[in-house]
Amino acid sequence: MRLPSILLSLAFTLFACAQVPAAPPEPETQLIAQNGTILPEAFGIWSSQESGWILEITSDGITRWQDTMAACYPTRQDGPTLMGQIEYRYFTPLDADTAKFEYLPSDGHALFTRLEDMPARCSDTPIIDPVTLFEIFASIFQQHYVFFDQRGIDWQAITSKARGQISHDTSEEDLLSVFTEMLEPLQDSHTKLIATIDGTPHRIQFGLGETLPKVRASIGESPWLVGILDNLMAWLDEGAVQTGNERFIHGTINGHIGYIQIFTMGGFTTAHEAGTPEWANDEIKALHNLFDEAFAGFDDTDALILDLSNNRGGYDAITRAIASRFLDAPSEAYSVRTEWEGTLLITYTIAPYSDGPVYIKPVYVITSDVTVSGGEITTMMLQQLPHVTVAGRRTRGAFSTPLAKPLPNGWYLELSNEIFSSADGTVYEGRGIAPEIILPLFAENPPVESHLTSLKQLVACIEDETC
C-alpha cells in the first residue's frame, strides 16, 4: 500500500538586531478513534480532490463517500484488497480548514479540506441503473487516472464508443464486458475491477507482462516458482537459507559474492493485522534483522547480488528501508505527485541505516517484467547510486499506489493516480526500468532454468570484471 508524509517548512527573513520569532508549535497528531470514542476535533465533513473522497466523521465513526462527476455516494471499507479495507487512523489539523489524515503515523500525504455541509449532489439512494454506473466508471478515470498519455490512450474516444453499448436494460454481464473492453488498452496491472455476478467472482486485470501469463498458461505459477527455488538453493553455497516467512533468501556464491532475494515488500511477520501500526513497526524491524543476518556473512564478499526478479511489491516503507542498507550518505530517493503540472506531495530523502552494517561494495540488482510496484521503487532508488548496476530485464512499469474507488453496485475498482519520479525527475510508469546488463531471465523455453542460467552469467561477468 502507498501512504507517504507531507513535510512542512516555514522560512523567516532575519534582519540585524531583529527579534527572532518563536517557531509555531508542531501540529499534534492524534488517533481518530480510541477505546471506541471518536476524536471530537476530527468531527465534520472533509474533502480530498486528489482522491475524490469525502469523509463524514461523527461520533459513530467514519463514512467514506466517493465524489465523482456523475454521482456522489457512500461506500464501505470492506473491499477485496487491503487498499479497500483499511481506514484512516490518524488526524493532524494543519489549520482551521485543512487536516492530514494517515493510515500509519508519519507515513501519509492525504490532505483534506473541511466542508461546511455535505454537497447536495451526495445521496445514499442505491444506484443500480447501468447508464449511471457507466457514467460513474468513466468519470472516475477521467478525473483520477494520470497515465493516459504515457500509455497512448484516448479515453474520450474509448468512452464515446462504449457509451453506445449501454442502455437502462444492459445486463450485469454485458456491463462488465464493456468495462473490460475499456480497461484492456491501459495494460496497467495497478488498475483492476473485481465484480461478483450471481455469486461468481470476476477479476479484470491487464498489464501483467509476458512472463506470468505464459507461465500460468503452461506449467503453472507454483511449479515454476518451486523449480526456480530448488535450482537456486542447490546452487548457492552451503548455509544459504530461506527465511522471513519464506519471503527472504540470503547466502553466498563461490564464497565471495553475497546473494539476497526478496519476494515481497513486507509479509515477513504474521504477529499483527496487516495495516496496523504494530504491523508496520514489526515489518521494518523484521526486515532489518534479516539484513543483519545476511550481512553478517558478507564480510569477505567482493560484491552483492540483490535479486528482485520475482518481487511482487508491497509496503513502500519497506522499499525505503531496503535502500537505507546500501547507503553511506543521505540520498534523495523519489518524489510523488498526483498532477503532472501540480506541486510535489512529498520528496523522500533516505538516510543510511545507523543501527547495523550497510553494503557499499558493488551491488547488482536483478529485475524482470515480474518486478513491479515496490520492487520497482526499490530499483529506482538503488540505480541512482554509483555502486549499483541493474541487470536482467525491463521492469513492469506500475509504480502508483492503487486508488480505491468502489462502485455503488458493490463492484470494486482500483486505478493508478500517483506519479512517482526518480531524483532526476524521470517517470518510469508504463515503460519500466531498463537494465544495464541484459540477462535471459524467464525465457519461455526453459522458463525455470533461465533464472539460474542468468545468475551464472552475471556471476561470470562479475568474476571476470567485465560487468
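Just a few scattered comments:
- Where a residue in the stretch 225-237 is free of Cβ contacts under 8 Å to residues at least 60 places away in the same chain and its partner, wherever it lies, is of a type in the set (Val, Ile, Thr), with Cβ under 6 Å and at least six apart: Asp237/Thr252
- Verdict on Leu407 being outside the structural domain of Thr453 (by TED's automatic domain parsing) and either outside any helix (DSSP H, G or I) or modelled with pLDDT of 95 or more (or both): yes
- Members of the stretch 4-47 found to be modelled with pLDDT under 95, in contact with a Phe, Trp or Tyr (Cβ under 9 Å, 6 or more places away or on another chain) and in a strand (DSSP E or B), listed by number: Gln30, Leu31
- Any hit, the stretch 331-342, residues being farther than 30 Å from Ser454 by Cα, touching a helix residue (DSSP H, G or I) at 6+ places or on another chain (Cβ under 7 Å) and charged (D, E, K, R): no
- Residues of the stretch 434-454 that turn out to be in a loop (DSSP other than H, G, I, E, B), at pLDDT 95 or above, surrounded by fewer than 22 Cβ atoms within 10 Å (Cβ to Cβ) and touching a Ser or Thr at 6+ places or on another chain (Cβ under 8 Å), as a count: 1
- Only one entry of Glu278, Glu283 meets the criterion of being buried (at least 19 other Cβ atoms within 10 Å of the Cβ) and in a helix (DSSP H, G or I), and that entry is Glu283.
- Within the stretch 455-467, tally of residues that are β-branched (Val, Ile, Thr) and in a helix (DSSP H, G or I): 2
- Subset of the stretch 329-376 [in contact with a Gly (Cβ under 7 Å, 6 or more places away or on another chain), part of a loop (DSSP other than H, G, I, E, B) and hydroxyl-bearing (Ser, Thr, Tyr)]: Ser368, Ser373
- Just one of the listed residues (Asp124, Asp117) is free of Cβ contacts under 8 Å to residues at least 60 places away in the same chain and charged (D, E, K, R), and it is Asp124.
- Here Met83 clears all of (1) modelled with pLDDT under 85; (2) outside any helix (DSSP H, G or I); (3) of a type outside the set (Lys, Arg) except the condition numbered (2).
- Filtered residues of the stretch 125-157 (kept if of a type in the set (Gly, Ala, Ser) and buried (at least 16 other Cβ atoms within 10 Å of the Cβ)): Ala138, Ser139
The values are calculated or read from the model by the stated rules, or taken from the named source; none is laboratory data. The structure presented is a predicted model; accordingly, all values stated were derived computationally and were not measured. Backbone-built Cβ (ideal geometry, glycine too); neighbour counts: all protein chains shown.
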